[in-house]
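No lab work stands behind these numbers, since they all come straight from the coordinates. Keep in mind it's a predicted model, so treat the numbers as computed, not measured. Heads up, the Cβs are rebuilt from the backbone with ideal geometry, glycines too, and the neighbour counts pull from every protein chain shown.
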Amino acid sequence: MPETPRRPASNLPPLSLHIPEPRYRPGDTPDFGDIEVPAVEATPRPGEATRPDAMRELSYGLVRVLDFDGQAKGQWDPKLSPERLRTMLRNMMLTRAFDDRMFRAQRQGKTSFYMKCTGEEATSVASTMAIDRTDMVFPSYRQQGILITRDYPLIQMMNQIYSNRGDHLLGRQLPIMYSAPEHGFFSVSGNLATQYPQAVGWAMASASKGDSRIATVWCGEGSSAEGDFHSALTFATVYNAPVIFNVVNNQWAISSFSGFAGGERTTFAARAVGYGIAGLRIDGNDPLAVYAATQWAADRARTNNGPTLIEHFTYRSEGHSTSDDPSAYRPADEATAWPLGDPIARLRQHLETLGEWDAERHEAQAKELDDLVKTTQKQSEKLGILGHGMHQPFETMFEDVFEEMPWHLKEQCDQMLAEQEAKFGPNWKPE
Amino acid sequence: MMSADTKTMNMIEAINSAMDVMLERDPNTVVMGEDVGFFGGVFRATAGLQKKHGKTRVFDTPINECGIIGVAVGMGAYGLRPVPEIQFADYIYPGLDQLVSEAARLRYRSANDFICPMTVRTPFGGGIFGGQTHSQSPESIMTHICGVKTVIPSNPYDAKGLLIAAIEDNDPVVFLEPKRIYNGPFSGYYDRPVEPWSKHDASAVPEGYYRIDLGKAATVRAGEALTILAYGTMVHVTRTIVEEMGIDAEIIDLRTLLPLDIDAIETSVKKTGRCLIIHEATRTSGFGAELAALVQERCFYHLEAPVERVTGFDTPYPHSLEWAYFPGPVRIATALTKILKD
């Protein structure tokens with residue numbers, strides 16, 4: 001390879017390559033004192049039809065409703081009834097109880113994999129409560145709160161996690177990659193951010209058909225680096241698609257901190273600015289802020305005022321998944337040092353401040369939900385757990401590759417059934 | 001043989017007519033892609049369709065193939081039947097993840113909760129001085145994906161019938177259009193005048209709806225001396241050489257690479273005892289390798305000579321040396337002589 005010309009020597013310091021590095025590693029004492037948390041009342045709520053360039057500061061600020069004393073304040077307060085607030089609390093508590101139980105099931109060897117959303121429950125639960133049940137959600141892998149909020153049967157979730165006889169996905173998908181069209185929940189992909197342009201396409205279709213339904217879509221701050229994210233924002237702004245983009249900035253993508261997605265330079269909500277899309281950066285641990293921002297964006301989308309990007313500023317309290325060990329790359333107490341608290345504790349405090357909740361009811365509800373999850377788990381485990389027997393007829397492996405099975409798959413299926421008989425005998429049945 | 005509702009069409013017109021018919025018949029069909037709207041496509045395949053069917057049915061897209069295919073997946077999930085165009089097959093790679101991991105897998109991973117009835121149309125192949133980024137033949141990348149059908153027409157009549165069947169199919173189809181023969185069948189002799197489609201029987205195309213089922217090959221020429229498996233542009237090149245050499249070859253135009261018409265291949269090779277496979281794509285791991293494997297698995301005891309392949313070389317498609325790269329008359333004649341020797 002011929003050499004390209006070099007610049008003559010000068011007295012400039014040599015160029016240096018910046019490799020982002022999180023501020024705290026295991027053994028360090030985390031201090032998030034420099035995270036700016038503006039006063040609740042400081043953030044104005046523009047009209048839903050506001051031009052994106054007239055509300056840019058909201059991409060760099062932090063929309064909040066609940067202060068740290070449990071009071072709901074400011075222009076963004078959605079003024080929900082105590083009944084709605086209690087439903088929200090229950091959905092978040094159920095999500096956490098479900099997570100704890102399923103995490104433990106994986107540790108007990110009952111399934112291969114699980115992902116908790118601890119500390120991020122508000123982002124999916126409150127957001128789902130602020131849209132219509134007929135709106136279509138394109139989730140990432142950490143939005144189990146959406147299914148729980150839409151009353152998807154817990155046993156179906158567990159059956160999928162166990163890949164057992166009751167799993168309507170026939171054991172084909174990694175645990176937590178649910179699919180629930182009748183609950184407006186798109187099939188979860190294992191590839192990151194691919195759902196972003198798909199949600200835009202769904203929203204474009206809805207608009208072109210004169211429908212009134214909108215789409216919402218989810219990814220993490222880490223996967224906002226994927227090309228699909230930027231493709232989606234481009235298409236959404238070009239066609240003014242009725243879609244809500246949610247970026248859950250939980251600070252960590254497995255072991256990579258948000259700096260590896262560009263978080264050292266600007267906010268993730270600010271991605272919207274360059275695309276001419278409305279951007280809201282919100283306190284993702286404040287369920288009322290999540291609700292209010294989503295409601296704003298949904299109203300905007302439904303009135304042909306276009307897409308919104310919402311950055312949920314939050315913290316991933318647990319590992320990325322059961323396959324992760326966060327103590328290897330970050331301080332163990334980062335979650336407790338996080339300045340925005342825990343969403344369940346904050347909503348509980350708010351309800352108690354209103355006189356609509358108390359410790360006794362909270363403990364009773366926690367126990368009720370724990371029992372519900374345990375009972376459901378027992379029912380699900382009767383239908384089998386992963387790795388203890390094979391629960392699906394072997395030929396299901398070949399079905400649904402195409403609507404009709406072509407000859408080459410039929411041949412391969414016959415081969416596999418012969419292998420099955422050679423190994424298990426002619427009378428084998430799914431267990 | 002021209003009936004009242006039959007018109008002489010070249011391949012572009014036939015493809016245009018297929019989309020026109022489907023836009024008319026099915027309100028869920030949408031056509032999208034770079035430059036396909038007002039302008040009507042860089043090869044004119046969508047000319048007039050936006051004006052006739054409206055901007056929300058036929059529209060331009062950003063230059064973003066990941067977005068085009070990804071958005072089409074979402075539209076399919078809504079209930080539309082999208083027909084995205086990728087301007088050149090060489091540009092499909094930025095959208096490949098959406099095709100491989102999403103479109104192709106959606107029905108399977110969701111156990112029929114969601115499907116992807118999408119047809120990706122894209123011009124492929126060389127012979128128009130397109131250089132290495134406007135000449136590639138990526139069909140074997142497509143056939144290697146489980147969950148995608150791959151279709152390649154070789155004439156106007158087939159192009160329309162196959163495209164209608166592809167659009168109506170409830171699974172994703174990659175519809176590869178051999179751009180060298182858009183305007184006329186190609187003899188393989190780049191230095192001879194181009195023959196227009198109007199001189200070819202297959203340019204008589206019904207104006208209305210008809211379909212050619214996917215997965216069915218066509219026998220272009222019946223013969224006894226050997227079987228030649230080809231598709232797209234190479235069907236015509238092959239036919240020219242065979243006729244010049246006076247060889248009684250059976251030429252099978254595969255039309256659909258996946259699902260493949262294995263019965264047609266097996267029957268013919270068992271009859272002739274010899275098999276030559278011809279494609280323009282690079283040789284190593286090309287679709288010819290799959291065909292050769294299938295033929296030896298099924299017809300080994302009928303073979304009188306080794307299965308031969310005539311292909312493009314394993315180099316990028318060169319610009320100025322395009323015709324040295326192309327599997328033209330000399331390469332095909334050499335292979336024919338060799339396979340018929342004993």
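Side notes on the structure shown:
- Pairwise label distance in nanometres, A:Thr50 with A:Asp299, each label 7 Å out on the Cα-Cβ vector: 1.2 nm
- Computed about the Cα centre, the dipole magnitude for the range A:364-407 is approximately 440 debye when only Lys and Arg (+1) and Asp and Glu (-1) carry charge, each at its Cβ.
- Degrees, to the nearest 10: B:233-245 long Cα axis against longest axis of chain B: 20 degrees
- Around B:Val58: net Lys/Arg minus Asp/Glu count, Cβ-Cβ under 15 Å: +1
- Cα→Cβ-extended label distance, 7 Å offset, between B:Arg283 and B:Trp323, nm: 2.2 nm
- Per residue, chain A reaches -11500 deg cm²/dmol at 222 nm when only DSSP H runs of four or more residues are counted, each adding -39500 (n - 2.57).
- Neighbourhood charge, 14 Å Cβ-Cβ cut-off, centred on A:Trp428 and excluding it, Lys, Arg +1 and Asp, Glu -1: -2
- Applying the criteria of a DSSP loop state and at most 15 other Cβ atoms within 10 Å to the trypsin sites (Lys or Arg not before Pro) of the range A:77-145 yields A:Lys79, A:Arg133.
- Chain lengthening between A:Asp151 and A:Glu3 when straightened (0.36 nm per residue, less Cα-Cα): 46.8 nm
- Length-normalised contact order for chain A - Cα pairs under 8 Å, 6+ apart - percent: 23 percent
- Computed over chain B: relative contact order in percent, which uses C-alpha pairs under 8 Å that are six or more apart: 16 percent
- 0 to 90° range, to nearest 10: angle between helix A:82-107 axis and chain A longest Cα axis: 50 degrees
- The local environment of A:Ala261, defined by Cβ-Cβ distances under 15 Å, has a net charge of -2 under the rule Lys, Arg +1 and Asp, Glu -1.
- The slack between B:Phe39 and B:Lys51, meaning 0.36 nm per residue of separation minus the straight C-alpha distance, is 3.3 nm.
- Selected from A:Ala72, B:Met9, A:Gln392, residue furthest toward positive end of dipole (the protein assembly as shown; charges at beta carbon): B:Met9
- Here A:Arg265 and A:Glu419 are evaluated by their C-beta separation; at R0 = 51 Å the FRET efficiency comes out at 0.40.
- Beta bridges per DSSP with both ends in the protein assembly as shown, % antiparallel, nearest 5: 20 percent
- Shape category assigned to the range B:20-152 from the gyration tensor of Cα positions, a/c cut at 1.5: oblate
- Positive dipole terminus of the protein assembly as shown, leading residue within A:Thr308, B:Ile115, A:Leu94 (C-beta point charges): A:Thr308
- At an R0 of 30 angstrom, the distance between the Cβ atoms of A:Lys378 and A:His168 translates into a FRET efficiency of 0.95.
- Here the protein assembly as shown is treated with +1 on each Lys and Arg Cβ and -1 on each Asp and Glu Cβ, and its dipole about the Cα centre works out to around 480 debye.
- In degrees, nearest ten, helix B:262-272 long axis to first principal axis of chain B (Cα): 20 degrees
- All aspartates and glutamates inside 19 Å of A:Lys374 as judged from Cα atoms, apart from same-chain residues fewer than 8 positions distant: A:Asp99, A:Asp100, A:Asp151, A:Asp167, A:Glu363
- Note that the range A:193-206 has calculated 3J(HN,Hα) couplings of 6, 4, 6, 4, x, 5, 5, 5, x, 4, 5, 4, 4, 4 Hz, one per residue in order, obtained from phi through the Karplus relation 6.51 cos²θ - 1.76 cosθ + 1.60 (θ = phi - 60°); glycine and proline are x.
- Cα-based Rg of the range A:298-431 normalised by 2.2 N^0.38 Å, two decimals: 1.79
- Cross-link pairs B:Lys7/B:Lys179; B:Lys52/B:Lys199; B:Lys160/B:Lys216; B:Lys7/B:Lys149 - those with Cα-Cα distance over 18 Å: B:Lys7/B:Lys179; B:Lys52/B:Lys199; B:Lys7/B:Lys149
- Think of it as helices only: each DSSP H run of n ≥ 4 in chain B is worth -39500 (n - 2.57), and spread over all residues that comes to -9000 deg cm²/dmol at 222 nm.
- The fewest-to-most ranking of A:Ser112, A:Ser323, A:Ser16 by surrounding Cβ atoms within 10 Å reads A:Ser16, A:Ser323, A:Ser112.
- Only the Cβ atoms of Lys and Arg (+1) and of Asp and Glu (-1) were treated as charged; on that basis the dipole of the range A:14-68 about its Cα centre amounts to roughly 180 debye.
- Where a label projected 7 Å from the Cα of B:Lys199 along Cα→Cβ would reach, residues of the range B:238-270 with amide N under 17 Å: B:238-244
- In a fully extended conformation the segment linking B:Tyr210 and B:Thr334 would gain 40.7 nm over its present Cα-Cα distance, using 0.36 nm per residue.
- Among the trypsin sites (Lys or Arg not before Pro) within the range A:4-64, those in coil by DSSP and having at most 10 neighbouring Cβ atoms inside 10 Å are A:Arg6.
- In order along the range A:7-12, the Karplus-derived 3J(HN,Hα) couplings, from 6.51 cos²θ - 1.76 cosθ + 1.60 at θ = phi - 60°, round to 6, x, 4, 8, 8, 5 Hz, and Gly and Pro are given as x.
- Positive dipole terminus of the range B:98-246, leading residue within B:Pro138, B:Ile241, B:Tyr189 (C-beta point charges): B:Pro138
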